[in-house]
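The values are calculated or read from the model by the stated rules, or taken from the named source; none is laboratory data. Note that this is a predicted model, so its numbers are computed, not measured. No Cβ is skipped: glycine too gets one built from the backbone with ideal geometry, and neighbour counts run over all protein chains shown. What goes into the accessible areas is simple: the full protein's heavy atoms, side chains included, and nothing from ligands, DNA or RNA. Shrake-Rupley method; radii C 1.70, N 1.55, O 1.52, S 1.80 Å.
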Amino acid sequence: MGTTLFRKVWDLHEVVPGGPAGPAILYIDLHLVHEVTSAQAFDGLRLAGRTVRRPDRTLATADHNVPTIHRERGIEDELSRLQVEALERNANEFGIPVFSLSSPRQGIVHVIGPELGFTQPGMTIVCGDSHTSTHGAFGALAFGIGTSEVEHVLATQTLPQAMPRTMRITFEGDLPRGVVAKDLILGAIGQMGVAGAQGHVVEYAGPAIRGLTMEGRMTVCNMSIEGGARAGMVAPDDTTFEYVEGRMAAPADFAAAVDRWRDLPSDPDAEFDREMLVDVPSLAPQVTWGTTPGMVAPITGRVPTPEQYDDPTDQEAVRRALEYMGLRGGEAMEDIAIDTVFLGSCTNGRIEDLRAAAEVVRGHSVKDGLRAMVVPGSMAVKAQAEEEGLDIVFSEAGFEWRDAGCSMCLGMNPDILQPGERSASTSNRNFEGRQGKGGRTHLVSPAMAAAAAITGHLVDVRTFDAALAGA
Amino acid sequence: MEPITIVTSTVAPMDRADVDTDQIIPKQFLKRIERSGFGEFLFFDWREEDFYLLDRPEYAGARILVAGRNFGCGSSREHAPWALQDHGFDVVIAPSFADIFRTNCTKIGMLPVILPDDDVRAIIGAALDQPGIGMTVDLGESVVVLPDGRSVEFHIEDAVRDRLLNGWDDIGLTLLQSEEIDAYENSREREGPVTTTLL
């Protein structure tokens, strides 16, 4: 029997094999650090008299707490400022490079790793953040960890890990017009549920995945955790190698690296513990209507009612979600009016996402009274977009053009929804209060978010132009 | 961390599925750089909701929480188990847990117990119908004694159980294998990007 991509990467990093007596000890090639989940880990090191074993395999950035306007004023929220200062202090004390507020390389941790070339095929990558699965798009084994594990990796450059199970999600058929990476992953989560991949490392496969750019693959892998997966991976191929080549941290002997990376994809006869198929041609653009990413429907559909579900637990969850979202159930998705649009996050804050949204926005204006903001995933993405003139497209249409950070994806900085406000958001979580207490979030792709900003309601990006003309 | 062996206590119910870590500890409390003191912010945004029962006097002092499936989903924030532990919980029982949350619990000396759906429903039912009712969780025997007196075994990996029973420091355990880590780095470590070239 052949070997899966996951198992190949795992085997290359086993310091001590696992067995009935205990977990394996896995070597970690790259440890990404941000301000929110690291301060207590550094304190733990100091308390125990330990140090950082491999600062040369560790990289820190401030992202969750940073303001996205008026950076020259620094961070006005005192607790946020203290947390970012603690990150800078800790990084300096232990010799770890850190990108803070004033760095042109600052950005969301899962955006800067790939764009600087630090994320490469076959690596093990961890970070105290659940969306670390993003880096799996390169054929790396990348997963989120808690602060105790952050401390563990700082001290030992390893993690004890029980062997996860494997699952393959195959996207069959070609992408229909107007359906993009975000719709693939939302559709898959809708199909399997938010715990559907619990305990598994997922490999995404099929022609629709092969046809995606690296940005698209990152969007898919990013939301693996929203389906409960431990990690998500895509087999590296020429698309991957072309993306990595020439980036700052790319291997010096690139040809030799590519030779190694070509061995990584799952063997044709590799077996997975579970298989799932997604029928791509039947997918329409996806929108969430509830308070988990699994509560999702095609834009052409309607909000469900509790009675449509058999399981009493599901019925109760749907009832509560509708109440929180201010929906009755049965509404056409396109009839849901919104007052805020957020374009950004580690899911959809890359240059390709901004291009796709700008394409929709060009020649239109944001609906009167609606607040729309673009928060690039990194300062490098911001600079690239400005070079292409995208900032002008957004600004002229009425979008706010911000600096890089996590921003309204989780609202740890001042960018939040007010109670009752409703957003179309390109982020990854529509949990209660995620974007601000009482805020209501509908997750969509960048193009869908842009179209919603123009019409003022959720709308099918494939037909919104005609709808506008007819209005 | 503190060892866990046998916990006998009132059981407090959280009768909801897919409780995410954003609810357990909302983002505005993640700015603190201390490890303690999160308990008072536990479920902060749910405190005024009718379904939120944990503040009722009948459940005061409960060390066992029982909840619906997929408990602790979402963000990897360890602040969630910190808040539960600081509030007084040593054990969380549910039909399933999100992977990262479950791992985070075991790293700080809190015990996640997975039981079949029907048994969890029975515990939630008892806790709702007879507020203040107690039960026992025996980690050494991997057994839960339900409020109705039935004993149910649960599965937990041997290594995790031993670590929780003894309160062992996980980093200390790994450092016992420092020679193996040295050997890996000397002979098998893969070429990779060097971050310190940025300094």
Checklist outcome for this item: Being among the small types (G, A, S), under 18 Å from the mean Cα position of the chain (by Cα) and in a strand (DSSP E or B) narrows A:G294, A:G232 down to just A:G232
Next on the checklist: Would you confirm, using the coordinates I've provided, whether A:M218 is within 13 Å of chain B (Cβ to nearest Cβ), in a helix (DSSP H, G or I) and open to solvent by less than 10 Å² (accessible area, probe 1.4 Å)?
Outcome noted: no
Next on the checklist: So B:F38 passes all but one of these: (1) closer than 24 Å to A:P414 by Cα; (2) open to solvent by 60 Å² or more (accessible area, probe 1.4 Å); (3) more than 8 Å from chain A (Cβ to nearest Cβ). Which condition number does it fail?
Outcome noted: (2)
Checklist entry - Just wondering, is there one or more residues in the range B:63-83 that are in contact with a helix residue (DSSP H, G or I) (Cβ under 6 Å, 6 or more places away or on another chain), of a type in the set (G, A, S), touching a residue at least 60 places away in the same chain (Cβ under 8 Å) and assigned to a loop (DSSP other than H, G, I, E, B)? => result no
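Could you grab me the full set of residues in the range A:103-119 that are assigned to a loop (DSSP other than H, G, I, E, B), out of contact with any strand residue (DSSP E or B) (no Cβ under 7 Å at 6 or more places or on another chain) and either more than 9 Å from chain B (Cβ to nearest Cβ) or open to solvent by 10 Å² or more (accessible area, probe 1.4 Å) (or both)?
Scanning the range A:103-119 gives A:S103, A:P104, A:L116.
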Checklist outcome for this item: Here the qualifying pairs (Cβ atoms under 6 Å; residues six or more apart or on different chains; first in the range A:293-309 and closer than 14 Å to A:L322 by Cβ; second open to solvent by 40 Å² or more (accessible area, probe 1.4 Å) and at pLDDT 95 or above) come out as A:P306/A:Q315; A:P306/A:R319; A:Y309/A:Q315
Next on the checklist: Among the residues of the range B:71-106, what is the count of those that are surrounded by 24 or more Cβ atoms within 10 Å (Cβ to Cβ) and on the phi > 0 side of the Ramachandran plot?
Outcome noted: 2
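Okay, residues lined up against (1) free of Cβ contacts under 8 Å to residues at least 40 places away in the same chain; (2) in a loop (DSSP other than H, G, I, E, B):
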{"position": "A:R89", "(1), (2)": "yes, no"}
{"position": "A:G122", "(1), (2)": "no, yes"}
{"position": "A:F143", "(1), (2)": "no, no"}
{"position": "A:L154", "(1), (2)": "no, no"}
Checklist outcome for this item: Restricting attention to the range A:316-342, the residues that are open to solvent by 30 Å² or more (accessible area, probe 1.4 Å), touching a residue at least 60 places away in the same chain (Cβ under 8 Å) and over 16 Å from B:D18 (Cα atoms) number exactly 5
Checklist outcome for this item: Restricting the range B:60-70 to residues that are open to solvent by less than 10 Å² (accessible area, probe 1.4 Å) and more than 10 Å from chain A (Cβ to nearest Cβ), the one nearest to B:I6 (Cα to Cα) turns out to be B:I64
Checklist outcome for this item: The condition of being touching a Gly at 6+ places or on another chain (Cβ under 6 Å) and surrounded by fewer than 22 Cβ atoms within 10 Å (Cβ to Cβ) holds, among A:P251, A:P281, only for A:P281
Next on the checklist: Looking at the range B:94-131 only, could you name the residues that are more than 23 Å from B:D169 (Cα to Cα) and free of Cβ contacts under 8 Å to residues at least 12 places away in the same chain?
Outcome noted: B:D118, B:R121, B:G125, B:D129
Item to check | Segments classed as strands (runs of 3 or more DSSP E), wholly inside the range B:129-199, with at least 1 members that are surrounded by 15 or more Cβ atoms within 10 Å (Cβ to Cβ) and under 17 Å from the mean Cα position of the chain (by Cα) | outcome: B:134-138, B:143-145
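A:E85 - would you say it is closer than 30 Å to A:E400 by Cβ, of a type in the set (D, E), part of a loop (DSSP other than H, G, I, E, B) and within 11 Å of another protein chain (Cβ to nearest Cβ)?
No.
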Item to check | Selected residue (criterion: farthest from the chain's Cα centre (by Cα)) from residues of the range A:10-25 that are more than 10 Å from chain B (Cβ to nearest Cβ) and buried (at least 18 other Cβ atoms within 10 Å of the Cβ) | outcome: A:A24
Checklist entry - In the range A:417-430, what count of residues is obtained for those that are surrounded by fewer than 22 Cβ atoms within 10 Å (Cβ to Cβ) and within 11 Å of chain B (Cβ to nearest Cβ)? => result 1
